[in-house]
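> The structure follows.
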Amino acid sequence: MAVPLTEPWTIEQLDRLPDDSNRYELLAGELLVTPPPSEAHETIVARLTALLVPFVVANGLGFVYHPRSIVQVGGERTEPDLMVRPESLRTGWANAPIPILVVEVLSRSTRDRDFGKKRRFYMKAGVAEYWIVDRQEEVVVQVRHHRNGSSGNHLRTRTSENPGSNGLSTTTPPQRPLPASVSPLSTPSHIMTPRGRMPLSRP
């Protein structure tokens with residue numbers, strides 16, 4: 001939920017909030033509060049992590065991060081469900097490299113902001129790819145960054161109801177992988193969900 005305030009929130013105010021089980025984020029002066037995620041939500045994040053880590057390590061892309069790790073640009077800050085960020089010797093979240101991949105798993109309370117405010121923030125910040133995982137509709141929306149800060153190539157992929165023995169499979173790499181991007185075609189192609197598997201590939 002968004003917390004109303006007569007004056008815009010600041011990073012300094014955000015840092016003074018209690019360290020409880022909620023996730024606090026700040027976009028365009030608006031405080032966003034998200035309650036603890038469900039088990040199903042965290043299972044999707046865990047499976048994505050298991051799929052991405054070997055690819056990220058093998059290609060020297062950096063590390064896979066989770067909440068409590070933040071994206072901070074100017075006076076705005078988010079805690080993505082998952083992100084891939086290059087390694088850096090710089091210290092402090094405000095000085096950290098921009099992620100090359102951010103993933104948000106939708107819930108009822110975050111759907112509008114994940115498709116709206118967060119998508120605009122990540123594209124403006126220069127995040128190369130943004131994946132929105134919708135487990136209710138069983139689709140993954142992939143958004144790629146354009147140099148002018150806009151977004152494009154919104155790819156929606158629907159799940160299959162016929163998972164393999166372990167629910168994980170791989171695809172061949174793309175002919176032209178983006179050098180500064182984690183392409184869904186470059187990673188294992190499915191995330192298991194209770195209703196089937198969710199492909200991360202072009203439709």
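> Name the single residue, out of those in the range 24-49 being in a helix (DSSP H, G or I), charged (D, E, K, R) and modelled with pLDDT of 90 or more, that is surrounded by the fewest Cβ atoms within 10 Å (Cβ to Cβ).
Restricting to residues being in a helix (DSSP H, G or I), charged (D, E, K, R) and modelled with pLDDT of 90 or more, the top hit is E39.
> Same structure again: Looking at the structure I just gave you, is A94 surrounded by fewer than 18 Cβ atoms within 10 Å (Cβ to Cβ) and under 25 Å from G116 (Cβ atoms)?
Working: surrounded by fewer than 18 Cβ atoms within 10 Å (Cβ to Cβ): yes; under 25 Å from G116 (Cβ atoms): yes.
So A94 fits the description; yes.
> Turning to a different aspect of this structure: In this structure, does I98 turn out to be more than 18 Å from D134 (Cα to Cα) and within 17 Å of the chain's Cα centre (by Cα)?
In short, yes.
> Check E87 against each of (1) part of a loop (DSSP other than H, G, I, E, B); (2) at pLDDT 90 or above; (3) within 17 Å of the chain's Cα centre (by Cα) and name the one condition it does not meet.
With respect to (1) part of a loop (DSSP other than H, G, I, E, B); (2) at pLDDT 90 or above; (3) within 17 Å of the chain's Cα centre (by Cα), E87 is out only on (3).
> May I pose another question? For the range 108-121, indicate whether the set of residues that are under 19 Å from W9 (Cβ atoms), among the β-branched types (V, I, T) and more than 10 Å from the chain's Cα centre (by Cα) is non-empty.
Within the range 108-121, one or more residues are under 19 Å from W9 (Cβ atoms), among the β-branched types (V, I, T) and more than 10 Å from the chain's Cα centre (by Cα).
> Right, here's the next one. Please work out if T10 is more than 19 Å from E129 (Cβ to Cβ) and not acidic (D, E).
Yes, satisfied.
> Follow-up question, since we're still on this one. Looking at the structure I just gave you, is S21 assigned to a loop (DSSP other than H, G, I, E, B), surrounded by fewer than 16 Cβ atoms within 10 Å (Cβ to Cβ) and either modelled with pLDDT of 90 or more or within 20 Å of the chain's Cα centre (by Cα) (or both)?
When the stated conditions are applied, S21 passes them.
> Any chance you could count how many residues in the range 52-68 are buried (at least 19 other Cβ atoms within 10 Å of the Cβ) and assigned to a helix (DSSP H, G or I)?
Counting residues in the range 52-68 that are buried (at least 19 other Cβ atoms within 10 Å of the Cβ) and assigned to a helix (DSSP H, G or I) gives 2.
> I would also like to ask the following. Could you check P80 against (1) out of contact with any helix residue (DSSP H, G or I) (no Cβ under 9 Å at 6 or more places or on another chain); (2) part of a loop (DSSP other than H, G, I, E, B); (3) within 21 Å of R113 (Cβ to Cβ) and say which number it fails?
(1)
> Look through R16, R111, R68 and report the one residue that is among the basic types (K, R) and under 16 Å from W131 (Cβ atoms). Outline the logic, then answer.
Details: R16 fails: under 16 Å from W131 (Cβ atoms); R68 fails: under 16 Å from W131 (Cβ atoms).
R111 is the lone residue from the list that is among the basic types (K, R) and under 16 Å from W131 (Cβ atoms).
The values are calculated or read from the model by the stated rules, or taken from the named source; none is laboratory data. What you see is a predicted model; the values in this text were computed from it and never measured. Virtual Cβ from ideal backbone geometry, glycine too; neighbours counted across all protein chains shown.
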